[in-house]
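Peer 1: I'd like to ask some things about the structure below.
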Amino acid sequence: MNLLTKKILPLVVLGAFIVIAYTVTSFPPSAKKARPSNSPQLMVDVQTLMLKDLTLSLSSYGTVQPRTQSMLLPQVSGQINAISPNFHEGGFFKKGEVLVEIDDRDYQVEIKIAQASLFTAKQALSEEQARVEQALQDWQRLGNEDKAPDLVLRKPQLLAAQATVLSAEAKLSKAKLALERTRIKAPYDGRILNKYVDIGQVVSLSNQLAEIYATDYVEIRLPLKNIDLPYIELPENDKNNNFISQSYPKVSIFSEISVKQEWLGHIVRTEGAFDQNAQQLYVVAQVDDPYGITDRNTMPIKIGQYVSASIQGRTLHNVLAIPNSAIYQGSYVYLVENNRLIRKELSIAWQNETFSIITSGLKENQHLVLTPLGQVTSGTLVSISSIDGVVNKKVGLTKSERLAKKDNKANGESK
C-alpha cells in the first residue's frame, strides 16, 4: 500500500499541474472594457449672438502741434530796455501785450526832424500858393480874357511844393511807425516756447527775440488706416471752399505720461493727399483751450507730446460683433449646437483691439463659445456653464465634484 501510494501520488500531482497549465494557457483572462461615458467632460461659457447697432471708434496716434507757431523778430534796431514779466520760456501772454521794449530816444529824434521838414515844406507850399494867386491876378489885370497857361499860373511849381509836403508827411509817419515798433507787442494770445534775448542786449533786424505759439487751440495730425476709411465721414470741401461734408467727428485724445489724461476735440480737416511714405491718409484734430485757460479743470497739454486718439466713426446698423478672444488664428470660432462643439469659419469686415465685425459664417441666436479651448475637435460633447454671463442651473456636478461632495458629507457625519 505504501509502495502504491508512493508511485501514484506523484502522478496525480503532475497531472494536476498539467491541467492547471492547460487551463491558464487556453483561457487567458479578459479585461473588462468600460463603456465610454455619455456625460459631458467639458464645460464652456457661451454668448448668444445678436444683431445690434454699433458706433465705431477708430484708433490713431500723433504729436501735439500748435495752431500757429512763429518767430518774434524786431522791426527796428537798438538796445533792449525792458521786457515783460511773462517774457520767459513757458510764459503766457495776451494779444497786444508789450513783450520787449527797445530804446526809443533815437526814434523820437527822428520824429522831430521829420516834423521840422514837414513844417518847412508846408511853408514853401503856402508861399507857392500865394505866387499862384498873384500870377492869376496879374493875368486878369492885363486884360487877357483867355485862360491863363499853366506856366503862367506856376502850376508845376505848386505841384512840386505839394509833393514836398507829402514826402515830409510820409517821413513823419515812418518815424512815428519806427517809434511804435520799439514796443514789440504780441500778435495773438500765446505762450513763449524759446527765449533768445534779455535786457541790455543790442538787437538788429535779423536777431530772433523769441519763438512763440498760439494757445487758443492745438492741432494733432492723425493717420487713418486704409481699412478704417469706409467707416468714417470726414470733412471735405470743393475748389470753391464750399463744404461737401460738414461732419466733424469727435475725437478723444489720451496720454499716459504720468497719469492718464484725456482731452476732447474734433476733426477739422482732411489732408488733400496720401502720405507717400506710409501710404495713409492724415486728418487733423483740433483741441480747444488745451491749457485750461478758460477751464481750470482741464489738465494742460504740451507741445510735442505724443498722444493716442479715439475717433468717432460711423454708426452701423444690424451688425454682428464678437470679442476677439473667441476667434482662433483669426479665421474660425467654436459654437455649441445640441451640446456639441461646432467649428465655424468666418469672414471679418473690420476689427479693433477688442472686437470684430463679422460679415459671414455666423448667424443670429447661435451660441458662441467664450471659454478658451485647447486642442479640441468639432463634435466634442460639452456642457454650457453660463449663457450671456448668467449661470446655467441645468448643469449638474461632474463625477469628481460628486465624489468630493460625498466624501465631505461622510466626514461630516463621522465627526
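A short reminder: the numbers here are calculations on the coordinates, not readings from a lab. As the structure is a computational prediction, the values presented were derived from the model and not from experiment. As a convention, Cβ positions derive from the backbone with ideal geometry for all residues, glycine included, and neighbour counts pool all protein chains shown.
Peer 1: In sequence order, what are the phi-derived ³J(HN,Hα) couplings for region 144-152 according to the Karplus relation 6.51 cos²θ - 1.76 cosθ + 1.60 with θ = phi - 60°, rounded to whole Hz, with x for glycine and proline?
Peer 2: My calculation for region 144-152 gives 7, 8, 6, 5, 6, x, 5, 5, 5 Hz in order.
Peer 1: Would you please state which residues of region 188-203 a label at GLN69 would reach in this model, taking the label point 7 Å out along Cα→Cβ and a backbone N cut-off of under 20 Å?
Peer 2: 188-197
Peer 1: Count the lysine pairs in region 167-241 whose Cα atoms lie under 28 Å apart, taking only pairs 8 or more positions apart in sequence or on different chains.
Peer 2: The number of close lysine pairs in region 167-241 is 6.
Peer 1: Separate question: What does the charge dipole of region 139-184 about its Cα centre add up to, to the nearest 20 debye, if the Cβ of each Lys and Arg holds +1 and the Cβ of each Asp and Glu holds -1?
Peer 2: Here region 139-184 has a charge dipole of around 380 debye.
Peer 1: A further question follows. For labels at GLN201 and SER167 in the simple 7 Å Cα→Cβ model, what's the distance in nm?
Peer 2: 3.9 nm
Peer 1: Also, I was wondering about something else. With charges set only on the Cβ (+1 for Lys and Arg, -1 for Asp and Glu), what does the dipole of region 80-212 come to about its Cα centre, in debye to the nearest 20?
Peer 2: I would put it at about 140 debye.
Peer 1: Amide H to amide H, which residues 5 or more places from ARG340 or on other chains are under 5 Å from it, using H placed in the peptide plane?
Peer 2: Residues meeting the amide H criterion: VAL382.
Peer 1: Follow-up. Taking the simple approach of a point 7 Å from Cα along Cα-to-Cβ for both GLN157 and ASN81, what is their distance in nm?
Peer 2: It is 4.5 nm.
Peer 1: Here is a follow-up. Quick one: what are the phi-derived ³J(HN,Hα) couplings along region 129-138, Karplus 6.51/-1.76/1.60 with θ = phi - 60°, whole Hz, x for glycine and proline?
Peer 2: Per residue, the Karplus-derived 3J(HN,Hα) values read 5, 5, 5, 5, 4, 5, 5, 5, 5, 4 Hz.
Peer 1: Another question about this same structure. Could the peptides 264-271, 49-56 be put in order, highest first, of the mean number of other beta-carbon atoms found within 10 Å of their residues?
Peer 2: 264-271, 49-56
Peer 1: Stretched out fully, how many nm does the piece from THR315 to LYS95 gain, at 0.36 nm a residue minus the Cα gap?
Peer 2: Residue separation times 0.36 nm, minus the Cα-Cα distance, leaves 75.0 nm.
Peer 1: Then there's this: Sorting check: for 58-66, 360-368, which peptide has the highest mean count of neighbouring beta carbons within 10 Å, and how do the rest follow?
Peer 2: So the order, starting with the most tightly packed, is 58-66, 360-368.
Peer 1: Now, a different point. Tell me, in nm to one decimal, what length is gained between HIS266 and THR377 on full extension, where the rule is 0.36 nm per residue of separation less the Cα-Cα distance?
Peer 2: 35.1 nm
Peer 1: Let me ask something additional. May I ask you to derive the relative contact order of region 80-212, considering only C-alpha pairs under 8 Å and at least 6 residues apart, and to give it as an integer percent?
Peer 2: Relative contact order of region 80-212: 44 percent.
Peer 1: Relative to the compact globular guide of 2.2 N^0.38 Å, what is the alpha carbon radius of gyration of region 80-212, as a ratio?
Peer 2: My calculation over the Cα atoms of region 80-212 gives 1.78.
Peer 1: What order do you get for 274-287, 179-192 when each peptide is scored by the mean count of other beta carbon atoms within 10 Å, highest first?
Peer 2: 179-192, 274-287
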